[in-house]
Amino acid sequence: MNLDDLKSGQLFGPYAIEFTRSDADDYISATGDDLTPHNFGGNVHPLHLDAFVLSRLIADIGIVENRIETVHAGQQMTVHREVAHSENIVANATLKSCSNRRGSIWAIFETEFVDHSGAAVADSSSTIIMMP
């Protein structure tokens with residue numbers, strides 16, 4: 001994808017997400033959150049959902065293959081409920097804002113995560129700065 005093709009309102013996804021218990025535990029361990037008082041009890045860490053979508057956006061935009069210097073400048077997430085491992089989740093991302101500032105592209109992606117019934121699981125907003 002050419003960065004000039006990015007337009008506000010553009011949709012990305014849907015992305016099907018399903019983590020095994022091992023996937024969920026590995027992410028929690030890798031982030032060091034297995035050492036915190038919060039017990040995820042076999043559930044998926046909420047930021048694991050967002051990390052999955054960001055990896056798909058990186059691929060869809062072509063950040064790695066086009067060697068685009070990138071900064072993940074901000075992230076917010078609202079969690080409506082915990083997600084169990086092996087649960088089927090669908091994520092849909094929207095490019096809410098895209099602007100060129102002094103040669104850098106500032107993009108804000110908003111993502112909605114829903115379960116098999118369409119009920120909201122989480123919502124996130126991520127700001128990515130790309131310097132082609």
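For the chain, what is the calculated [θ] at 222 nm in deg cm²/dmol (nearest 500), taking -39500 (n - 2.57) for each run of four or more DSSP H residues and dividing by its residue count?
Working: 2 runs with 26 residues, N = 132.
Theoretical 222 nm ellipticity from helices: -6000 deg cm²/dmol.
Over segment 1-129, with every protein chain in place, what whole percent of the accessible area is carbon and sulfur at 1.4 Å, could you tell me?
The C+S portion of the solvent-accessible surface of segment 1-129 is 49 percent.
For His80, His116, His45, give the ranking by accessible area with the largest first, probe 1.4 Å. Kindly include the intermediate steps, with their values, before the conclusion.
Numbers: His80 95, His116 160, His45 15 Å².
Largest accessible area first, the list is His116, His80, His45.
Could you state the angle between the C-alpha long axis of helix 21-30 and the longest principal axis of the C-alpha atoms of the chain, as a value from 0 to 90 degrees rounded to the nearest 10?
The helix 21-30 is inclined about 70 degrees to the chain.
Could you provide, to the nearest whole Å², the per residue accessible area of the chain with probe 1.4 Å? Before the final figure, lay out each step's value.
Numbers: 7360 Å² over 132 residues.
Counting only protein heavy atoms, the per-residue value for the chain is 56 Å².
Select one label from (i) 7.3; (ii) 8.3; (iii) 14.2: the one whose number is mean projected area of the Cα convex hull in nm² as derived from the coordinates shown.
The value computed from this structure is option (ii).
In segment 1-104, which trypsin sites (Lys or Arg not before Pro) fall in coil by DSSP and have 13 or fewer other Cβ atoms within 10 Å?
Values: sites: Lys7, Arg21, Arg56, Arg67, Arg81, Lys96, Arg101, Arg102; in loops: Lys7, Arg67, Arg81, Arg102.
Qualifying residues, ordered by number: Lys7, Arg67, Arg81, Arg102.
Heavy atoms of the protein only, probe of 1.4 Å, neighbouring chains included. What is the accessible area of Asp50 in Å², nearest 10?
Here the residue's solvent-accessible area equals roughly 0 Å².
Could you tell me how many degrees, from 0 to 90 and to the nearest 10, lie between the Cα long axis of helix 46-61 and the main elongation axis, the longest principal axis, of the Cα atoms of the chain?
Value to nearest ten degrees: 30.
The values are calculated or read from the model by the stated rules, or taken from the named source; none is laboratory data. Predicted model, so just to flag it, every value in this text is computed and none were measured. Here the Cβ is made from the backbone with ideal geometry for all residues, glycine too, and neighbour counts use every protein chain on show. Areas reflect the complete protein model, heavy atoms only, side chains present, ligands, DNA and RNA absent. Shrake-Rupley method; radii C 1.70, N 1.55, O 1.52, S 1.80 Å.
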